[in-house]
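Here the structure comes first, spelled out in structure tokens, and everything after it is commentary.
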């Protein structure tokens, strides 16, 4: 008989689910049964309470509540159960998850919630497994295997660094202690069944495909590529490191594949840097709210830190949260030229998006490209995007050109064919009056004058 689930997961919105689903799918990979549902502390409190009671009767020992915004969900669960509740604050608003984290940590006495870091679903899962391992040897065995995998991965990383930079490691120093690899696949927790415990919610992980895409392995001269399998045989020469693999995902501009877009979003949410198409040229993109990813973007591009990187958005609904104000004269430009190849420079809130712009202004654009908009929409946060070329070189107009320029320094290339435009965007500052053209590009000066002639500075 298969083990009964001991972990129950609840989230509030489909946007929340998009953030957590790639992590909780790992429970299935580990052979850990669980229950999951969608419920709201405010919109469906009665159904949430009934679900908690049902899960307790079924033997659930740990609840994981994942939510963004005010995040009353974790407190609502804690109020209805005496089991352990782990709260996962999610970055779904312009407060970047700080509001959710504060709400979970500020619950009154008697409603304990163990809050993990923002979007850190993986640590919530590990916390749940550790609690279960205290009195269950099978969970303890699973944890030992997972820890052995992490140790082996770190050892592989160290050995890869040694091979790439042997001059930094004394020859007398050995390769480091060998780490015994533990085969961690499906554990005995589901000994007689490979099926995941049915979910109460209509949202199912089975509906989210996890395709294995062919991977492009970049050769040493960055000019040739070859399809490679996920796992290559180890190099026979210890002095030459195996090149890192770059995912190349092809999509149609007319109808972008949802699964492909989800995979790119996963890479971005994990801190990756992606080359993707826009309505002007190919761009290098990173999540604008991820400081480490933005720093990588600057390094890969070879861009000086005092040169801001613009944000790409998919809708004007949240524009007022991103900037200090939107001048009335600029609204006509937004209505007539967005989406399009016009970057508008606004005054920004002093402390916001300091990673992409350390000054008092920030550039924002809404691209006119179905693939780019699909990525940003699913990501649910702005992208920091700069043209996919090394500073001082011509912009890339195809995925192959972007790959040739950056090779294995980036994590993924989203290939939607040649970009429709061959010019970069026009940059117009609306931060103060009169407006000033900072760079001429795909949108002509005549087009801008036709809309805001009275508000435009003389050139």
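The values are calculated or read from the model by the stated rules, or taken from the named source; none is laboratory data. Please read all numbers here as calculations on a predicted model, not as lab measurements. Note: ideal-geometry Cβ built from the backbone for every residue, glycine included; neighbour counts use all protein chains shown.
On the basis of being in contact with a helix residue (DSSP H, G or I) (Cβ under 7 Å, 6 or more places away or on another chain), surrounded by 24 or more Cβ atoms within 10 Å (Cβ to Cβ) and over 17 Å from residue 252 (Cα atoms), does residue 384 make the cut?
Numbers: in contact with a helix residue (DSSP H, G or I) (Cβ under 7 Å, 6 or more places away or on another chain): yes; surrounded by 24 or more Cβ atoms within 10 Å (Cβ to Cβ): yes; over 17 Å from residue 252 (Cα atoms): yes.
In short, yes.
Could you identify the single residue in 111, 189, 146 that is modelled with pLDDT under 85, within 30 Å of residue 73 (Cα to Cα) and either assigned by TED's automatic domain parsing to the domain that holds residue 81 or touching a helix residue (DSSP H, G or I) at 6+ places or on another chain (Cβ under 8 Å) (or both)?
On the way: 111 fails: modelled with pLDDT under 85; 146 fails: modelled with pLDDT under 85.
After ruling out the rest, the residue left standing is 189.
Would you confirm, using the coordinates I've provided, whether residue 335 is closer than 27 Å to residue 256 by Cα and more than 24 Å from the chain's Cα centre (by Cα)? Outline the logic, then answer.
Numbers: closer than 27 Å to residue 256 by Cα: yes; more than 24 Å from the chain's Cα centre (by Cα): yes.
It is true that residue 335 is closer than 27 Å to residue 256 by Cα and more than 24 Å from the chain's Cα centre (by Cα).
Inside segment 88-122, can you point out the residues that are more than 21 Å from residue 290 (Cα to Cα) and buried (at least 17 other Cβ atoms within 10 Å of the Cβ)?
Residues of segment 88-122 more than 21 Å from residue 290 (Cα to Cα): 103-114.
Answer for segment 88-122, where residues must be more than 21 Å from residue 290 (Cα to Cα) and buried (at least 17 other Cβ atoms within 10 Å of the Cβ): 103, 104, 107, 113, 114.
For segment 251-279, what are the residues that are more than 15 Å from residue 314 (Cβ to Cβ), modelled with pLDDT of 95 or more and more than 12 Å from the chain's Cα centre (by Cα)?
Listed by number, the list holds a single entry, 275.
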